[in-house]
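Right, one structure below, let's go through it.
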Amino acid sequence: MDRKLFGTALLKFFSGLLLVGLLLFLSAGSFAYWQAWLLIGILFVPMFAAGLVMMVRNPELLRKRLNAREEQGEQRQVIAWSGIMFLAAFILAGLNWRFRWLLLPDWAVWAAAALFLLAYLLYAEVLRENTYLSRTIEVQEDQKVVDTGLYGVVRHPMYAVTVLLFLSMPLVLGSPISFAVMLCYLPLIVKRIRNEEDVLARGLAGYTDYMKKVRYRLVPGIW
């Protein structure tokens, strides 16, 4: 086992857990915010399990997923704005619960949690299908075009899944206000996809043909 990789993964995991907990419970002013506990559970428990699986079966993929250093200036802007979006959404969710501005009913929260877990399963399938997946925009050595499975349906199934994950998060938290904030992710992901496709079309053999074969980027029949 790569101890350095394992240590880095644990540090990032617990840092993310602490940050999300602080944002939600400090803004809520209470640990009684049960929707926050629900989100933390369905977000971080599967994440920890997936990290262990990758650590054992595909440590190189885990290393790629932990690397968030973007070389593309345009992508750094996308990441920065995404970070601001998440901060605002989580803080507003806690404040929304504290002051009871506009809360979703319990059944809607549980339905959103089910959707979130379904998206997590699709996320795992995308990772299984494409071992070249990185958090940064790049063409890797010996990289090949993946055009089977979910990649035969849309060109960017990982981003399609993240849309489901990110838009279901504020609903799990019971906050329509945070959901409105998270809608900002849509133009951000469109910007990221356009830039990524430009990089891949110029640097990855066969990607231009793949773009002709699979017409839709994110949503079948729409875009």
Cross-link pairs K12/K213; K144/K191; K191/K213 - those with Cα-Cα distance over 28 Å: K12/K213
Sequence of E197, E60 once ranked by neighbouring C-beta atoms within 10 Å, starting from the fewest: E60, E197
Per residue Cα convex hull volume in Å³ - calculated over region 3-213: 121 Å³
Order of F166, F90 under a 10 Å beta carbon neighbour criterion, fewest first: F166, F90
Normalised contact order of region 3-213, rounded percent, pairs of Cα under 8 Å and 6 or more residues apart: 29 percent
Helical contribution to [θ] at 222 nm, DSSP H n ≥ 4, -39,500 (n - 2.57), averaged over the chain, rounded to 500: -24000 deg cm²/dmol
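Rule-based calculations on the coordinates, nothing more; no lab input. Just so we're clear, the structure is a prediction, and the values are computed from it rather than from any experiment. For neighbour counting, all protein chains shown are included, and Cβ atoms are generated from backbone atoms with ideal geometry for every residue, glycine included.
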